[in-house]
Amino acid sequence: MAQVGLKNVVKVFPGGVVAVDNVTLDVKDKEFVVLVGPSGCGKSTMLRLIAGLEVATEGDIFIGDRRVNNVPPKDRDIAMVFQNYALYPHMSVYENMAFGLKLKKYPKSEIESRVKDAAGILGLEKLLHRKPKELSGGQRQRVAVGRAIVRKPTAFLFDEPLSNLDAKLRVQMRTELHRLHIRLQSTMVYVTHDQTEAMTLGDRIAVVKDGIVQQVDAPTNVYNSPVNKFVASFIGAPPMNFLDGKIIRKEGKLYFDEGIFRIKIVEEMFDTLEDYVDKWVILGVRSEDIYDKLFVSEAPPENIVTMTCEVVEHLGSEVYIFLNTGKHLIVARVSGDANPRINQDMDVVFDMSKIHFFDKSTEKTII
């Protein structure tokens, strides 16, 4: 079995810097889990703890059923792929991929078989004789992945492997890594700061902030049901819009009062928000849940808000509109057919069934 687990793991660096703060995480056999968060949040340290490149201050680390806290990296039966490829420049692709097996004194026939199998999976058959300097960035990254594959490890660990590639190559390599996971059916733990990589690659994603795992769930669940404002802001592009305001009651209905405009809350949320009447909250709305009124056939008057268009970004199939409410700046993502005009007022409609509310003091999700 190839489960990977962290149980109440703490990592404190000299000087008292807490990089990992009481993290418990279980990666199931054959699962692809992505650790995602901003730079310096501790996600790479978690990966290095699993690999044995860092020693945990507290807690337990498991690979399979074995506690590996005191097991050297070479004996943990894992393979790690780094951001910088770490290829030997004087060796050919074949020699780079075979090097680890040679050190372990595998038979020559076994080495040749494993390297050719990995090259076939990654499309490297015609490049085996080349040196790293003769390869593109994407090809070098595939060699680094191939070097890990030939070892047939219990688990693969990826530390931001696509960060050095351009945008087009990143998309291509994401697809190849996804196919690789399906084909190998191996346990994979992947670190990235790119939420697009996390959403597209992971069976589950773990959102990390300040050494603490904020939420672990399937990508769609994290996107649609974030546990707090940080997760809501980090997952999604453009980031979720946030507006400060009060919940007020008027004629038996609840409204969100931003100060300049007021919008009616759907009745399904009334019971959950009852304790927040006349209190400050944070409203969260994703850019795709704000519509241009011109393209909405039936919009309730109480959900129509007039805002000033300040910036327009045309992206072909869609348009990003940067709007000013008078108190807040928000972004709407609308159809490419829209034709907003800069410095002109426009009416927009909020999809109130998809609104989120967060506690003003704790920033935890209310609904």
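The values are calculated or read from the model by the stated rules, or taken from the named source; none is laboratory data. Being a predicted model, the structure only gives us computed values, none of them experimental. When we count neighbours, we look across all protein chains shown, and the Cβ atoms used for this are built from the backbone with ideal geometry, even at glycine. Note: accessible area is taken over every heavy atom of the protein model, side chains too, but ligands, DNA and RNA are not part of it. Shrake-Rupley method; radii C 1.70, N 1.55, O 1.52, S 1.80 Å.
So THR45 fits all but one of (1) closer than 21 Å to PRO219 by Cβ; (2) not in a strand (DSSP E or B); what number is the exception?
(1)
Just to verify a result, which residue in the range 92-106, among those that are modelled with pLDDT under 95 and in a loop (DSSP other than H, G, I, E, B), is nearest to PHE158 (Cα to Cα)?
So, considering only residues that are modelled with pLDDT under 95 and in a loop (DSSP other than H, G, I, E, B), the one nearest to PHE158 (Cα to Cα) is LYS104.
Out of curiosity, is GLY336 without any contact (Cβ under 8 Å) to a residue 24 or more places away in the chain, more than 26 Å from the chain's Cα centre (by Cα) and surrounded by fewer than 16 Cβ atoms within 10 Å (Cβ to Cβ)?
yes
Pull up the range 150-170, narrow it to residues that are at pLDDT below 90 and among the hydrophobic types (A, V, I, L, M, F, W, C), then point me to the one that is most open to solvent (accessible area, probe 1.4 Å).
ALA167
Quick check on my filter: what residues within the range 205-235 are part of a loop (DSSP other than H, G, I, E, B) and either open to solvent by 10 Å² or more (accessible area, probe 1.4 Å) or at negative phi (or both)?
Hits for the range 205-235 are ASP210, ALA218, SER225, PRO226, VAL227, ILE235.
Given (1) loosely packed, with under 13 Cβ neighbours inside 10 Å; (2) within 30 Å of LYS131 (Cβ to Cβ), where does ARG48 come up short, assuming only one miss?
It is condition (1) that ARG48 fails.
Exactly one condition in (1) modelled with pLDDT under 90; (2) surrounded by 16 or more Cβ atoms within 10 Å (Cβ to Cβ); (3) at negative phi; (4) assigned to a loop (DSSP other than H, G, I, E, B) is not met by TYR85; state its number.
Every listed condition holds for TYR85 apart from (3).
Where in the range 236-285 are there strands (runs of 3 or more DSSP E), lying wholly inside it, with at least 2 residues that are of a type outside the set (A, V, I, L, M, F, W, C)?
In the range 236-285, 241-250, 253-257, 262-264 are the strands (runs of 3 or more DSSP E) which contain 2 or more residues that are of a type outside the set (A, V, I, L, M, F, W, C).
Can you tell me which residues in the range 116-147 are of a type in the set (Gly, Ala, Ser) and either assigned to a strand (DSSP E or B) or buried (at least 21 other Cβ atoms within 10 Å of the Cβ) (or both)?
Result: ALA118, ALA119, ALA144, GLY146.
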